[in-house]
Every structure is written in structure tokens, then in C-alpha cells.
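Data first, discussion second: the structure below is written as C-alpha cells.
Where a number appears in this text, it was derived from the coordinates with a stated rule and is not lab data. No experiment lies behind these values; they were computed from the predicted model shown. Positions of Cβ are generated from backbone atoms using ideal geometry, with glycine treated the same way; all protein chains shown enter the neighbour counts.
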Amino acid sequence: MEEYRPDEKRYGKIEYKRCGQSGIKLPLISLGLWHNFGGVDVFEKGREIVRYAFDNGITHFDLANNYGPPPGSAEENFGKMLAKDLKPWRDELIISTKAGYWMWNGPYGEWGSRKYLISSLDQSLKRMGLDYVDIFYHHRPDPDTPLEETMMALDHIVRQGKALYAGISNYSAEETAEAVKILNQLGTPCLINQVKYSMFERWVEEQLLDMAEETGIGLIAFSPLAQGLLTDKYLNGVPETSRAAKSWGFLKRSEVDAAIEKVQELNRLAEARGQSLAQMAIAWLLKDPRMTSVLVGASSVQQLSENIDALDYLLFSSEELEEIEMILNRD
Ligand SMILES: NC(=O)c1ccc[n+]([C@@H]2O[C@H](COP(=O)([O-])OP(=O)(O)OC[C@H]3O[C@@H](n4cnc5c(N)ncnc54)[C@H](OP(=O)(O)O)[C@@H]3O)[C@@H](O)[C@H]2O)c1
């Protein structure tokens, strides 16, 4: 690939939204490297997607210690992309990583101890060739470690300068309230909760959206396309190269079969709006002012391009919203 020069017009394309009551703004669409950027994937393809993202104003790239497979390889690959392409623009990037899931053997390789979080972030920084990440997340609540210990580790990491902001992920409304309180007491406010949210996964609507507003934290939705289900990809079966067909993919064929009728109906509605289903699914999440950003995955530049174009049309009529509810609530 030729030497990278980012598009000079990259900041005219995507809107940036304040993350809760913090000083930081995130692009309405961010890019996640959970799938498609690991050791099992084609490096140059991932590199092309990352370049395209930045060229189009996506400043936020989301990773975790365990992304791959194998675990750690997405960070390694992203480190190579930084070294080859993006390093000169480091100050224009919001790079996040996380620790919480299994990363190495023994009692200190997962969950929420201070020991695990601090050593995991050190490993992540090494893999990416970075001095600091912008956001460091605790990836999932730990039922056994005192929340104070986990939050103190995040506070410590921010004070050390190894992360600029602290985040939590997969925390329920109650757990979020508790974490926000402890972090506020420590003097390192919680920036954001990264949560699974899509038309097919709506638990955050019960309490968390309100709480985010009350406590001033941001929210970023992961798997907004239900891992590809909320696109036109599975309308005619499971393509061989899709996530549902891959042995390491987290989307199961049974999930595709169970959802396909609703997907077909949603797809018809999206077409009537003049959008693809992926675009409608992204716009639907962004209609709520409490959502800061939508964190998409992509296995090609074409997919990412289509997803960014969701921003061209974010409005819904009340009839459209009602129809979506009817489709989603049908037995
Ligand atoms: N905090 C957590 O616990 C957690 C958990 C999961 C994810 N995440 C974060 O959220 C990010 C996004 O999650 P996700 O990858 O599940 O998100 P997603 O956007 O719901 O799914 C992405 C997948 O959907 C398919 N796709 C995307 N755009 C498409 C389009 N326009 N047309 C057809 N298919 C399309 C692709 O699948 P194919 O590969 O089949 O083409 C792509 O890999 C992750 O990378 C990660 O950063 C966080």
C-alpha cells in the first residue's frame, strides 16, 4: 500500500457529540475491532478499513485485550496500522481498550482485580506501541472483586497517565450507579458505559438511558447491527464468508434462523424509507439524544461506507417508529 495521507476533508463528514458531561466528543459512528482484525484475518483488508474510517472522520477506534483471535492479535495488528499509517495523527484519535474477559491462565488473567487490570493494560500498550490509551474500560462486572478495588485500579491508571479516561462496559443500571459514585469520589469521573444495544437487544431502555442522563455519563452502543443480523446479509441464507458461518464468529446460525422473519419485515420498512436495513438500524439508535455513538463492526470498506451513510437520514416519523415496534414485538 502507498504511503498514507489522510483525506484533508475528513472533518466535514461526521458529526461529533459530547460524551455525557465530559469534555470529549465522539463521532456518531465509531469503529470496533472485535472481529475482522485478528491474526486469522487478512491484515491489509483491516488496514484498508481503518484508513477509510479515519478518512471519513471516524476518530474513535475500539479494542480490547482479548480481541482476535488469537487474543491480543487485534491490538498487535492495530499497533502495526498505527506505526505504518496513523501515528502522525495520534492526537486526533480516541483509542480505547478493555480488560475483563479471559486473557491469560491462572487467577490473575481475567475479571476485575487491580492486579489483572494494571498488568493487562501494560500488555495492551506494548502490543499497540502506545504510551497511553484514551479510554480504558473494565469490560464486564466482576461479582467477586469489590467494586471499590476495580474502580481504584481505573483511577490509578488514569492518574498514571496510561489512560486519559475511565469507562465501564456491560454494567447494569445499578452497577453503573455504584461505579459512577465511587469514581466520582475518587476524582476520576466515569466517561462512558459501553453497552449492547440494538433493535434486538433493548435492556438499556429500562433504566440505563435515564441514568446516563442523570449522572452525566456517555453511552456507546456495541453490536448495533446485532452482529450483522440487522443488515441485508442474511436475507437469502448464510453467506460462506459471514460471521455466522465462521467457526470463531460469535453469531450463531440458530440466531439467524430465529430472527430472519423480523429481519425481512424490517428490511421492507428500511427500503420504503430509502435506506438499507443497516442504515435504519443505526439511525434508530441515534434517535435517542442520550446515545453518544454507535460502535459498528465491518468486514469491508463497502460495509463501513454504507453504515456511515446512515447519517444522511436520521429522522423517523411516528408511524415508522410504531411499525418498528409492531415488528419487534410480534411473536
Ligand atoms: N464491550 C463489549 O462487551 C463488546 C462486545 C461486542 C462488541 N463490542 C465492540 O463493538 C464493536 C462492534 O460490534 P459488532 O462487530 O458485533 O457490531 P455490528 O455492527 O453489530 O456487527 C458487525 C458485523 O456486521 C456485518 N456488517 C456490518 N455492516 C454491514 C453492512 N452494511 N452490510 C452487511 N453486513 C454488515 C459484518 O459481518 P460479516 O463479518 O458477516 O460481514 C460485521 O462484521 C466491536 O468491534 C467491539 O469494538 C464490545
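Partner aspartates and glutamates whose Cα lies under 20 Å from the Cα of LYS233, excluding those fewer than 8 positions away in the same chain, are identified as ASP41, GLU201, GLU255, ASP257, GLU261, GLU265, GLU271, GLU306, ASP309. Quick check on the stretch 190-331: take the gyration tensor over C-alpha atoms, sort the square-rooted eigenvalues as a ≥ b ≥ c, and tell me if it's rounded (a/c under 1.5), prolate or oblate. Judged from the Cα gyration tensor, the stretch 190-331 comes out prolate (a/c at least 1.5, a/b above b/c).
Per-residue Karplus couplings for the stretch 133-148, computed as 6.51 cos²θ - 1.76 cosθ + 1.60 with θ equal to phi - 60°, are listed in order as 9, 7, 10, 10, 9, 7, 6, 7, x, 10, x, 9, 8, x, 4, 4 Hz, Gly and Pro entered as x. In this structure, the residue pairs whose Cα-Cα separation is over 28 Å, taken from LYS25/LYS84; LYS17/LYS262; LYS262/LYS287; LYS87/LYS246, are LYS17/LYS262; LYS87/LYS246. Electrostatic tally near LEU304: other residues with Cβ closer than 11 Å to its Cβ, Lys and Arg +1, Asp and Glu -1, net -3. Sorted on the mean count of surrounding Cβ atoms within 10 Å across their residues, most packed first, peptides 146-152, 12-18, 116-122 read 116-122, 146-152, 12-18. Packing-based ranking of 195-203, 55-63 yields 55-63, 195-203, ordered from highest to lowest mean Cβ neighbour count within 10 Å. Could you tell me which chymotrypsin sites (Phe, Trp or Tyr not before Pro) in the stretch 230-331 are loop residues by DSSP with no more than 16 other beta carbons within 10 angstrom of their beta carbon? Passing both the DSSP loop test and the Cβ count: TRP248, PHE250, TYR313, PHE316. Once each part is reduced to its C-alpha centroid, what is the distance from the stretch 15-83 to the stretch 116-186 in angstrom? If you average the Cα positions of each part, the centres end up 19 Å apart. In straight-distance terms, cross-link reach from LYS181 covers every one of the lysines whose alpha-carbon lies under 18 Å from its own, apart from those fewer than eight places away in the same chain; here that gives an empty set. For the stretch 194-272, what does the alpha-carbon gyration tensor say about shape, rounded, prolate or oblate, given a ≥ b ≥ c as the root eigenvalues, a/c under 1.5 as rounded, and a/b over b/c as prolate? Judged from the Cα gyration tensor, the stretch 194-272 comes out prolate (a/c at least 1.5, a/b above b/c).
Residues whose amide H falls under 5 Å from that of ILE94, counting only those 5 or more places apart or on a different chain, are HIS60, PHE61, with hydrogens built in the peptide plane. With coordinates expressed along the principal axes, the C-alpha atoms belonging to the chain extend over 52, 48, 40 Å, beginning with the largest.
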